[in-house]
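Participant: Provided herewith is a single structure, encoded as structure tokens, for subsequent inquiry.
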Amino acid sequence: MSDTASSLERDLERLLDQERFPPPPEFVESAEVTELEQVDDHEAFWADKAGALDWAQPWEQVLDWSNPPFAKWFVGGKLNVAYNCVDRHVEAGLGDRVAFHWRGEEGEERDVTYADLHRDVQRFANVLKDHGIETGDIVGIFLPMIPEVVVAMLACARIGAPHNVVFGGFSPESVKERMEVSNAKALITVDGARRKGKTAAVKAAVDEVMEGMPSVKTVFVVRSTGAETPMTEGRDVWVDEAMEAAAADCPAEPFDAEHPLFILYSSGSTAAPKGILHTSGGYLTGVAYTHKLVFDLKPESDVYWCTADVGWITGHSYIVYGPLANGTTSVMYEGAPDYPDKNAWWDVGEKTGTTIFYTAPTAIRAAMKWGPEYAEKHDLSKLRLLGSVGEPINPKAWLWYHKVIGGERCPIVDTWWQTETGHIMISPLPGVTETKPGSATQPLPGIDARVLTDDGEDAGTAQGFLTLNRPWPGMLRTLFGDDERFVETYWKKYGKETYFVGDAARKDEDGYFWVIGRVDDVLNVSGHRMSTAEIESAIVSHEKVAEAAVIGQPDEDSGQSVTAFVTLGGSQADGDDDTVNEIREHVAKKIGKLARPKRIIWADDLPKTRSGKIMRRLLRDIAEGKELGDVTTLRDPDVMQQLETKVKERQSADEE
Ligand code: WT7
């Protein structure tokens, strides 16, 4: 170990003993909020926050909770989300303010101002209208991290056409499924996307699954890489050409506060993804308020960078809607943290003068593994606040982040929330909260979070189930087209007024929340949510496979990794390396690369109950080398022994 490395280790040890981190006095001195707001009247509180937006028509009722769990916020109010994110800033004279310092992975620089967005969003909205897209039509978006993705989302919002964004890392098959189930009328995609120096021909790949999405009548193609792109006459439209031909003005028509803003598919415990539906007024109120509060935002001086992809909720809420509603200057980075090399993020951070940096624990752990020298080579002294999201952050990564990236002067906000909640729910306030590494600390003002036992009692300081006990403005309104599944998934365990999160958590003596992880069959790989059932169904669709069971295993880099127990069909014995690769590629094609199993274990049979249900719990126990408890409920208890041998063989092979 080099001298600097061992001195860093010593510093981290010292910090580990500290346990509590009060907000740094220099930070508090200029913090926007230094005292926790007391909430006596919940509705008045949120009405006050909604007042930060520009309403074309005021609401008559703050909250209608007469038919739980179906909430309505700001009933009777009307607004236009795109107007709130763009036009009003331009009207206030801020047109020249940069909305996005976009940075490409080959070092390209493009600064997009609020005036640029104002011009482009209107034209793009007119392109949609010119091609028959109307208010209420669902528009799919499958784009990489380029400014056009923001323009596309806002263009949809401007005309009240809910968007359905699919993360660029998902496969065209996933796009097809999501367009099909949401009955999308159009799809906005791109000629090609770059990733670590390679270009993927996105539009050409999408063409291959077009047959499976008959509802999609128009494909809008953004020109980005100049990749060779097949275009179908009468269906496919080049966005740049259409924008030139379109009218410049598109009025921002006000929509009902409860008008759907977007659907975002997320994984649940069955194979079918859930279409999480968010609406306009409440969602925008929630993201704008929490973005300002949690990040201590000073829109005139901050340079804010959230490293998420727009295809996830973090991107929707904290790259697009929250920051833009607040008139923020953001960084938007196209690439990976290690391309062209491991300096990439810190180069961008230094050159843009980033002051607020929001990323995921998995990225911090990767940076930690690469070593502090990359960050240390850069001047990151403008940074004043750090954020974390997506999974529990282990104290070691927290401390490294605090020390190496934050120079021990930046508070860290560990923000807990979900696709469903729309915005941050549990988080420190950087100028107020004493933090403890690994804890998201306490619910934000206006949020009532509790940890309950299985029977619905307060769990005290014991581990229990995390719940949210009062409606909040950014909450999902339903699962698209499936009210029943919405009620079943979130509002059944504890009744119609208590939202069941699906996370295990513990509250300590100080009332601090420690989120432990999912309690359902949902995996969190590198902060990305996936369901075991979804991956299983992809594996089973491979011609050689008879049966599969997937579990998540703890993983040093990605938090969790995918392990699949696979039984091959016919008389085939264990698969060979080629079969492993085939199955992995098959999963990548069906869902996306991130769902590929890291480990495949061949199984002659799987542990099943007499009724045929696969007992994943037993598989987890085996994989973790735990003592196996009672297996007598199994149809064939011998299966376990065979599997144990297989797992051991596999583990010793891995170690070699
Ligand atoms: C699940 C939600 C929120 C945007 C990214 C993920 C886990 C999220 C934290 C955190 C511990 C966290 C939970 C949650 N999670 N943030 N700060 N500490 N766990 O959104 O895909 O909807 O996943 O991510 O398990 O339920 P998502």
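The values are calculated or read from the model by the stated rules, or taken from the named source; none is laboratory data. On a predicted model such as this, the values are computed, not experimentally measured, just so you know. Using ideal geometry, Cβ is built from the backbone for each residue, glycine included, and neighbour counts are taken over all protein chains shown.
Participant: For the range 397-440, name all the residues that are within 16 Å of the ligand (Cβ to nearest atom) and of a type in the set (D, E, K, R).
Facilitator: Asp414, Glu420, Lys436
Participant: Here's a follow-up. Filter the range 501-518 down to the residues that are crowded, with 16+ Cβ neighbours inside 10 Å and within 11 Å of the ligand (Cβ to nearest atom) and list them by number.
Facilitator: Residues satisfying the conditions are Val501, Gly502, Asp503, Ala504, Ala505, Phe513, Trp514, Val515, Gly517, Arg518.
Participant: Could you tell me whether the range 292-307 includes any residue that is farther than 19 Å from Leu143 by Cα and within 14 Å of the ligand (Cβ to nearest atom)?
Facilitator: Yes - at least one qualifying residue is present in the range 292-307.
Participant: When you look at Glu408, is it out of contact with any helix residue (DSSP H, G or I) (no Cβ under 7 Å at 6 or more places or on another chain) and either surrounded by fewer than 20 Cβ atoms within 10 Å (Cβ to Cβ) or assigned by TED's automatic domain parsing to the domain that holds Lys492 (or both), yes or no?
Facilitator: no
Participant: In addition: Within the range 569-612, how many residues are part of a helix (DSSP H, G or I) and either in contact (Cβ under 8 Å) with a residue 24 or more places away in the chain or under 24 Å from Leu634 (Cα atoms) (or both)?
Facilitator: Count: 11.
Participant: Now for a separate question. Keeping to the range 476-500, report how many residues are surrounded by fewer than 16 Cβ atoms within 10 Å (Cβ to Cβ) and within 12 Å of the ligand (Cβ to nearest atom).
Facilitator: Final tally of qualifying residues: 0.
Participant: Going by the conditions given, is Thr453 closer than 19 Å to Arg506 by Cα, more than 9 Å from the ligand (Cβ to nearest atom), surrounded by fewer than 19 Cβ atoms within 10 Å (Cβ to Cβ) and hydroxyl-bearing (Ser, Thr, Tyr)?
Facilitator: yes
Participant: In the set Asp309, Asp379, Asp296, Asp302, which member is out of contact with any Asp or Glu (no Cβ under 9 Å at 6 or more places or on another chain) and of a type in the set (Asp, Glu)?
Facilitator: Unique residue meeting the criteria: Asp309.
Participant: For the range 365-389, what are the residues that are within 16 Å of the ligand (Cβ to nearest atom), at pLDDT 95 or above and not hydroxyl-bearing (Ser, Thr, Tyr)?
Facilitator: Once the filter is applied, which keeps residues that are within 16 Å of the ligand (Cβ to nearest atom), at pLDDT 95 or above and not hydroxyl-bearing (Ser, Thr, Tyr), the range 365-389 yields Leu385, Leu386, Gly387, Val389.
Participant: Follow-up question, since we're still on this one. Restricting the range 56-81 to residues that are surrounded by fewer than 18 Cβ atoms within 10 Å (Cβ to Cβ) and among the aromatic types (Phe, Trp, Tyr), which is farthest from His259 (Cα to Cα)?
Facilitator: Out of the qualifying residues, it is Trp65.
Participant: Residues Val348, Val320: which one is within 15 Å of the ligand (Cβ to nearest atom) and not basic (Lys, Arg)?
Facilitator: Just a single option satisfies the conditions, and that option is Val320.
Participant: Do you know which of the residues in the range 520-549 that are more than 9 Å from the ligand (Cβ to nearest atom) and part of a loop (DSSP other than H, G, I, E, B) is nearest to Ile393 (Cα to Cα)?
Facilitator: Ser526
Participant: Tell me whether the range 627-639 contains one or more residues that are closer than 15 Å to Thr563 by Cβ and either touching an Asp or Glu at 6+ places or on another chain (Cβ under 9 Å) or without any contact (Cβ under 8 Å) to a residue 12 or more places away in the chain (or both).
Facilitator: No, the range 627-639 contains no residue that is closer than 15 Å to Thr563 by Cβ and either touching an Asp or Glu at 6+ places or on another chain (Cβ under 9 Å) or without any contact (Cβ under 8 Å) to a residue 12 or more places away in the chain (or both).
Participant: Also: Out of Lys292, Lys351, Lys298, Lys274, I need the residue that is closer than 15 Å to Cys85 by Cβ and of a type in the set (D, E, K, R). Which one?
Facilitator: Of Lys292, Lys351, Lys298, Lys274, the one residue that is closer than 15 Å to Cys85 by Cβ and of a type in the set (D, E, K, R) is Lys292.
Participant: Tell me which strands (runs of 3 or more DSSP E) are completely within the range 99-173 and hold 1 or more residues being over 23 Å from Leu284 (Cβ atoms), or say none if there are none.
Facilitator: Ranges flagged: 109-113.
Participant: Take Leu264 and decide whether it is of a type in the set (A, V, I, L, M, F, W, C), away from the ligand (no atom under 16 Å from the Cβ) and not in a loop (DSSP other than H, G, I, E, B).
Facilitator: no
Participant: Let me confirm something: among Val545, Val587, Val562, which residue is surrounded by fewer than 23 Cβ atoms within 10 Å (Cβ to Cβ) and among the hydrophobic types (A, V, I, L, M, F, W, C)?
Facilitator: Of the residues listed, the single one that is surrounded by fewer than 23 Cβ atoms within 10 Å (Cβ to Cβ) and among the hydrophobic types (A, V, I, L, M, F, W, C) is Val545.
Participant: Given the options Arg477, Arg529, Arg485, name the one that is modelled with pLDDT under 95 and under 23 Å from the mean Cα position of the chain (by Cα).
Facilitator: It is Arg529.
Participant: Answer with yes or no whether Ile393 is within 19 Å of the chain's Cα centre (by Cα), under 18 Å from Tyr304 (Cα atoms), within 12 Å of the ligand (Cβ to nearest atom) and buried (at least 21 other Cβ atoms within 10 Å of the Cβ).
Facilitator: Considered against the rule, which asks whether it is within 19 Å of the chain's Cα centre (by Cα), under 18 Å from Tyr304 (Cα atoms), within 12 Å of the ligand (Cβ to nearest atom) and buried (at least 21 other Cβ atoms within 10 Å of the Cβ), Ile393 comes out as no.
Participant: Looking at the range 425-444, I want the residues that are under 16 Å from Leu385 (Cβ atoms) and have a partner that is surrounded by fewer than 20 Cβ atoms within 10 Å (Cβ to Cβ) and basic (Lys, Arg) with Cβ atoms under 8 Å, at least 6 apart or on another chain. Which pairs are those?
Facilitator: That search, which allows pairs on different chains as well, returns Glu434/Arg20; Thr435/Arg20.
Participant: For the range 105-127, what are the residues that are hydrophobic (A, V, I, L, M, F, W, C) and either farther than 18 Å from Val81 by Cα or outside the structural domain of Val90 (by TED's automatic domain parsing) (or both)?
Facilitator: Listed by number, the residues that qualify are Val112, Val127.
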